[in-house]
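Just so you know, all these numbers are worked out from the coordinates, no wet-lab data involved. None of these values were measured; they are calculated from a predicted model. Note: ideal-geometry Cβ built from the backbone for every residue, glycine included; neighbour counts use all protein chains shown.
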């Protein structure tokens, strides 16, 4: 038996509605009373300054094979593979709302709200607000998606983890290294205590141009504190069943390797494809809610630039 | 379970990609400039698209010229002294060249005898993302 993935995405999107609202408020307030911005072209002789007003919207029509480590969650219908996404990039006076084209396919789910603290030629320091972990709601998934009731029934809803982070980015000729030091805020535990903890998220991306293709090779390493891991895959005493023993999870790591390629078909359309393999530390497999510590995500689709 | 869905993917995506590629071909209008002798000179595709401004664009460009009478012409890239090709007493010629440039390129058809330009065709280089400082960085992750 399996959970429907669309239900997970609905949950993620709910978590982002407030983030979008805050972003729009910020950009609206900043734009009010300002003269229209000049188009600013950066060149090697000018100092790097904070961004003026820029925006871009991309419609992403992708097919994605997206397994999770949680037992029983599988994609079954074609519609569960289809992921239309709206990728929004806006920047103004150091504030920005940006989407990660390659690593987010959920409507607004991969959006980051940020502020540029320091910008130098080769490095940058930002404040970031983004989602670091996806949530899941076993009750609605079982009810509407035919999930594995025996294994997952009665679990409390796991909410999305929003993290406030300071991000350091180092730019190389054709590569980027970034590391986020974040405080991740999840939902509440069985005692209605707020759950939060440290997340250290790093990623290195190397751009390999080949003719008109952009090929990106990436590796990432992320640390999740014990509180956060336990929130998602731990089993609290009031969630214990005969088939689901109590479980306290430890802190964990996630390592990722990916290859992603993009090709322009016209001025507005591009084709993209990518494979991301994620490897979670071995201890997550000890959770009764988890059936694997490795997943491979595959995406294939087209994007339209407005 | 996955097998059936996979078949769906196998049908939908190639269809979509085929449509995009065909649409691109259809939209590639011929660009031609002709002189009084009605020499028609075209470059296809007329547009080469890169993902980001400043990147070199790669394409195989087909240049073709037609004339009612037999002519002797040479093909040049504007601004370059060396000819790409020459033809004697021809009236319908096609040539494929490997195009690589980060800016638009104009090709000229000149008379062999006096180097006079009789026709021009251009391959325009365009891009999806303008290369502002921020977007250059955005695209790296």
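Quick notes on this one:
- Shown is the FRET efficiency for residue A:153 and residue A:294, computed with R0 = 30 Å from the Cβ-Cβ distance and rounded to the nearest 0.05: 0.70.
- Three semi-axes describe the equivalent ellipsoid of segment B:30-138; taken as square roots of 5 times the Cα gyration tensor eigenvalues and ordered largest first, they are 32, 12, 11 Å.
- Residue A:127-residue B:80 FRET efficiency (beta carbon distance; Förster radius 45 Å; 0.05 resolution): 0.35
- Pair residue A:61, residue B:96: separation of 7 Å Cα→Cβ label points (nm): 2.9 nm
- For segment B:30-138, the relative contact order is 33 percent, taking Cα pairs closer than 8 Å that sit 6 or more residues apart in sequence and dividing their mean separation by the residue count.
- Computed from the C-beta positions of residue A:194 and residue B:58 and an R0 of 41 Å, the FRET efficiency is 0.15 to the nearest 0.05.
- Spatial separation of Cα centroids for segment B:61-138 and segment A:251-306, in angstrom: 42 Å
- By the compact-protein rule of thumb, 2.2 N^0.38 Å, the alpha-carbon radius of gyration of segment A:182-306 corresponds to a ratio of 1.39.
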